[in-house]
Amino acid sequence: MSKRILIAEDDEAIAALIGMNLRAAGMEPVIFHDGEAAAQSLPADHRYDLALLDVMMPKKDGFALFADIRPYGIPVIFLTAKDDLASKITGLQSGAEDYIVKPFEVLELLVRMEKVLSRNQQQDDTLHVCGLEVRLSEHRVLRGNAEIPLKPMEFDLLVVLAKHRNTAISREDLLSLVWGVNYLGETRTVDVHIGQLRKKLGLQKQIVTVPKIGYRLEE
Amino acid sequence: MKLRTKISMIAAAVILAAAAVSDGIIWTICRRMLIREADQNACRRVVEISAALENYSSSLGSSTSDSAVFYYLKSQGDAYTVCIRNGEEVYNQTVLTPDELMNAEKEPYPQPGAERFWMTKNGVRLLISHTRAIGIYDVFCVTDTGELEVKLQKIALGMTAVLFGITIPAVLLLYVLVRRSLRPMKQLSEQAKAIAAGAYDQRAATGSNDETGQLARDFNTMAEAVEDKIAALTESEQKKTMFMADFSHELKTPLTAISGYAQTLRAVKLSDEDRDAALRYICTESARLDRLAKKMMRLLELDTRESLQFEEVSLGALMQAAQKTCQPAAEQKGVTVTAEPGSGTVQGDFDLLHDVLCNLVDNAVKASGEGQTVRLYESDGDLYVADSGCGIPAAELKNITEPFYMVDKSRSRRSGGAGLGLALAAQIVRLHHAELRFESEVGRGTCVCLHFV
């Protein structure tokens, strides 16, 4: 089941940008252009997995809206152009999960969202992508009923690609997401593992090399 | 050294000097009078004695002998008289020799025949008067001025005592008085320190009506000016900070969108529809940045411009030009713009005033709903733009000319505003020494008056 994300952002362009990226990552964004509208919709529909709130919004600002969202237990990430320390502290102390300052990178937003989602609820234990069944806790990949043996790093790489399906990720980002930020390897390592994945899983067409960026798992 | 000590010491010195000088003068006058008196007495005595001798001699009848003179003078018991004939002493009880007396340089008295001279004998200053009696005798009277000196010393001593006796209490009194009258200074100095430390609302007590009171009042005037200035500076500083924060927000929002869409286009596999939307957003957001930059440039340019070239501008022509410019946008919204040109003219820059008017009409059109009318008219040389649209809440009115201030943010953004239009208009109006007045009621509309002085 796809994640439902509440987006409260007064700037139409940015709201649409986030929506577009979340849809590409297989989530279901619900966009509001002011705090008031978002707050009013909550009692009727609050099945959200996460809320992205802009701080400076007309009618009701992000901090005020957060007070309305809290009772429903929806984790919140603030999204704002206010990058002064006082606002950050207010945001984080009020119980928000994260605080992202504009301008942000889309991948950064997605990774942070994913962290918050995995912290806050039962991640789906199983990912379904390109006819594969990826069992996260068991570290197993199945096509139909047949298991495909993968090395640990290959498995982690597949999980990252699957979680950010349809989005190209640079080799550097893949290195830090899979091998960790302290890994001092070369980007060649990524290419080698991608090659293994393509071969073992038969995903030569689905794992696309995006020139000058990196790799994208297309579905 | 403290001012009160300084003043007291100077005063003491001046009083002492003045008193000493006047005492000296008085003492000198005294001395001169005493000496003159002694002098006159000496003259009188020598004349009296010679007269007495002549009387005595004539009573004797026959020629007077030296011994008769001796006995007469002795009978008078006069120890200070000397009688000499032809250089031989006839009668002399003193230590003075006839030679000394006869050879001394003498000066005449006003009385005929009488003379006097001064001499010092054994450390004593003597005044000696002289005359001739019975033709052959030289009579000398000796006056010892030692007593005189003693008297003068006593006078000097008394005067000095009085001098100090008066000066010391006077100076002490002065010290107390000076200290009391300088007390406001001390308070003032503490006040000044407090103000320097940041307590700009401190004021000094303005008790007395004299110079210190005046100083305190002047001090307060200064403190008030400083307080006002500081407040103005703080406010302008806050405004600047606000401006910078707002500006960076206005800058960041479109930038976030542009870079976000660009990244998305590069990295994400998008549907054709989404790709189109992304490109469209990049275009509109870049246009927004462009508009923002242009308006900022214009605001800066207007800020640095000192004066404008003014010409005669017809309000009617201004109105018609603004109506023409704003008509297309208004028609799209179904709003009518009417102009009622009068005959007024003002001194100004046509293009800049046209910008102002267009901005006002534009705002009015945005606030109006379909079928409503925006009226342009003039009255008493002022220009009015009136609409019957949504109005502006009273609390927002004073802020609407601030840069980046938007009454309805999302609406303004969607219609492409950066929140600089009215700030620009206000700046232009300021350069024309004119004024923008807003009257508004929520739900009933807004009337803006461009008031020319």
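Values in this text are rule-based calculations from the coordinates and carry no lab data. Owing to the predicted nature of the structure, the values given are computational and were not obtained by experimental measurement. Every residue, glycine among them, receives a Cβ derived from its backbone with ideal geometry; neighbour counts consider all protein chains shown.
The peptide list A:182-195, B:388-401, put in order of mean Cβ contacts within 10 Å with the highest first, becomes B:388-401, A:182-195.
Counting only DSSP H runs of at least 4 residues, each contributing -39500 (n - 2.57), and dividing by the residue count of chain B, the helix-based mean residue ellipticity at 222 nm comes to -21500 deg cm²/dmol. Relative to the longest principal axis of the Cα atoms of chain A, the long axis of helix A:152-163 lies at roughly 40 degrees. With R₀ fixed at 30 Å, the C-beta to C-beta distance from B:Asp144 to B:Ile29 puts the FRET efficiency at about 0.85.
For the range B:316-392, what is the relative contact order in percent, using Cα pairs closer than 8 Å and at least 6 residues apart in sequence? With pairs under 8 Å counted, the relative contact order is 35 percent. Taking every C-alpha pair closer than 8 Å and separated by at least 6 residues, the mean separation divided by the residue count of the range B:72-125 gives a relative contact order of 18 percent. With each label modelled as a point 7 angstrom along the Cα→C-beta vector, the B:Glu88-A:Leu142 pair spans 18.2 nm.
Between the C-alpha center of the range B:6-63 and that of the range B:90-137 there is a gap of 19 Å. In the protein assembly as shown, the DSSP beta bridges split such that about 75 percent are antiparallel, to the nearest 5. Provide the FRET efficiency to the nearest 0.05 for the B:Thr284-A:Val208 pair, computing r from the beta carbons and using R0 = 35 Å. My answer for the efficiency is 0.70. Take the Cβ atoms of B:Met185 and B:Met242, set R0 to 41 Å, and the FRET efficiency comes out at 0.45. Peptide A:15-26 has a mean of 5 when you count, residue by residue, the C-beta atoms of other protein chains within 10 Å of its C-beta.
Here is the P(r) of the protein assembly as shown: all C-alpha pair distances, binned every 10 Å from 0, give 2, 10, 12, 11, 9, 8, 7, 5, 4, 4, 4, 4, 5, 5, 4, 3, 1, 0, 0, 0 in whole percents.
Using the Kirkwood formula on the Cα atoms of chain B, what hydrodynamic radius do you get, in angstrom to one decimal? Each step should come with its number before you reach the end.
On the way: mean 1/r = 0.0295 Å⁻¹.
Taking the inverse mean of 1/r over all distinct Cα pairs, chain B comes out at 33.9 Å.
With +1 on each Lys and Arg Cβ and -1 on each Asp and Glu Cβ, and nothing else charged, work out how big the dipole of chain B is about its Cα centre, in Debye to the nearest 20.
Charge dipole, chain B, about its Cα centre: 1360 debye, nearest 20.
For a test of the definition: using alpha carbon positions, the gyration tensor, and the 1.5 limit on a/c, classify the range B:1-57 as rounded, prolate or oblate. Prolate, because a/c is 1.5 or more and a/b exceeds b/c. Relative contact order for chain A: 13 percent, from Cα pairs under 8 Å spaced at least 6 residues apart, divided by residue count. Taking Cα centroids, how far is the range B:197-270 from the range A:42-64 in Å? If we compute the Cα centre of each part, the gap is 33 Å. The length gained by stretching the chain between B:Thr221 and B:Gln309 to full extension, at 0.36 nm per residue less their Cα-Cα distance, is 27.8 nm.
Beyond 18 Å in Cα-Cα separation lie the following of the pairs A:Lys102/B:Lys398; A:Lys102/B:Lys240; A:Lys102/B:Lys252; A:Lys151/A:Lys199; A:Lys115/A:Lys205: A:Lys102/B:Lys398; A:Lys102/B:Lys240; A:Lys115/A:Lys205. The slack in the chain from B:His433 to B:Lys324, taken as 0.36 nm per residue of separation less the alpha-carbon distance, amounts to 36.6 nm. Helix A:106-120 and the longest principal axis of the Cα set of chain A meet at an angle near 80°.
Sorted largest first, the spans of the alpha carbon positions of chain A along the three principal axes are 54, 36, 28 Å.
Reported to the nearest whole Å, the Cα centre-to-centre distance from the range B:280-344 to the range A:146-186 is 55. Placing +1 on each Lys and Arg Cβ and -1 on each Asp and Glu Cβ, with no other charges, gives chain A a dipole about its Cα centre of roughly 860 debye.
Partner shielding of B:269-275 amounts to 4, given as the average count of beta-carbon atoms from other chains within 10 Å of each residue beta-carbon. The label point for A:Gln40 and the one for B:Ala156, both projected 7 Å from the Cα toward the Cβ, are 11.2 nm apart.
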